[in-house]
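Enquirer: Below you'll find the structure I mean.
What follows is calculated from the coordinates using simple rules that are stated; it is not laboratory data. Just so it is clear, the structure is predicted and the values come from calculations on it, not from any experiment. Virtual Cβ from ideal backbone geometry, glycine too; neighbours counted across all protein chains shown.
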Amino acid sequence: MQDVIVIGGSYSGMAAALQLLRARRKVLVIDAGQRRNRFVDQSHGFLGQDGNDPTAIWAEAKRQLEAYPTLTWRDDTATAISGGMDDFRVTLQSGEEVSARRILLATGVSDALPDVPGLAERWGKAVFHCPYCHGYELDQGRIGVIATGPMSVHQAALLTEWGEITFFLNGAVALESDQREELTVRGVAIEETPISRITGDADIELGDGRVLSFAGLFTATRTDPAGSLVEQVGCALMATPIGSQILTDESKQTSIPGIFACGDTARAPHSVSLAVGDGAWAGAQVHRSLIWP
């Protein structure tokens, strides 16, 4: 019997595990190896690690966790959760069943990308979602924003801080007059011709044959908790402007007593820094629940 099983061994999950390990609690981390930022070569905006390879950041964090004798790490996927407070059981894809007093979900999110030919292949390389993470490196160049819904209007207006913006409506959003006026005031060029495909590094080919080149592209993906585990266990969800996330209280506990959640799957907006902070808070709260149920 573990004290806590952390499902998800990325940044928030490891940050939570660290607090628990330093409280000398027995922690099992189950990691499927699907970090959300696995497509990028550099992580930005994380104090002390700015510009470093996210894989190297993750590997060093894992090495530090492994120095604690009460850690157990499984490279596996959790497929089901049963039981309840103080006696949870987690089934792994390998067939193993493990037990713990508490569960912490740090499973991350899945990104639903717009259906634009050539976009998925450039995700994390020339197409991004967070200007704070990737805007600076575009060096105030031309930036294309591909609309996916209402949040894209905000994204296009915000990105004027990082470069010259062209906003591609692409049939995904109908601008109100006040929105159009705000974008115009902020210097955003509005392009209503549908996109045919993305080519080259970050070139957008339009339906009328024009090709516009950019330093980089941004789009607002829809994010939902990754995998089917959250649905299987029955945690309540809440809607966000960019999708859905697990509903938690101030202590990061979900609607199910004894199951907690942290990181991108349980908060918005998203970044490595915010995930680490959320994980550290969640780890401390899980520990306190073991003392004062």
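Enquirer: I want to confirm something. Restricting to segment 268-293 and keeping residues that are free of Cβ contacts under 8 Å to residues at least 60 places away in the same chain and in a helix (DSSP H, G or I), which single residue is surrounded by the fewest Cβ atoms within 10 Å (Cβ to Cβ)?
Expert: Selected residue: Ile291.
Enquirer: If you don't mind, another one. Can you tell me which residues in segment 94-136 are acidic (Asp, Glu), within 15 Å of Ala32 (Cβ to Cβ) and touching a residue at least 60 places away in the same chain (Cβ under 8 Å)?
Expert: none
Listed here are the residues, each with its yes/no results for (1) exposed (fewer than 14 other Cβ atoms within 10 Å of the Cβ); (2) acidic (Asp, Glu).
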position: Asp139; (1), (2): yes, yes
position: Val145; (1), (2): no, no
position: Ser152; (1), (2): no, no
position: Glu176; (1), (2): yes, yes
position: Arg186; (1), (2): no, no
position: Glu192; (1), (2): yes, yes
position: Gly207; (1), (2): yes, no
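Enquirer: Could you check Thr55 against (1) farther than 16 Å from Ala16 by Cα; (2) part of a strand (DSSP E or B); (3) out of contact with any helix residue (DSSP H, G or I) (no Cβ under 7 Å at 6 or more places or on another chain) and say which number it fails?
Expert: Only one criterion in (1) farther than 16 Å from Ala16 by Cα; (2) part of a strand (DSSP E or B); (3) out of contact with any helix residue (DSSP H, G or I) (no Cβ under 7 Å at 6 or more places or on another chain) is unmet by Thr55, namely (2).
Enquirer: So if I check each of Thr254, Thr265, which one is over 17 Å from Ala15 (Cβ atoms) and crowded, with 22+ Cβ neighbours inside 10 Å?
Expert: Selected residue: Thr254, the only one of Thr254, Thr265 that is over 17 Å from Ala15 (Cβ atoms) and crowded, with 22+ Cβ neighbours inside 10 Å.
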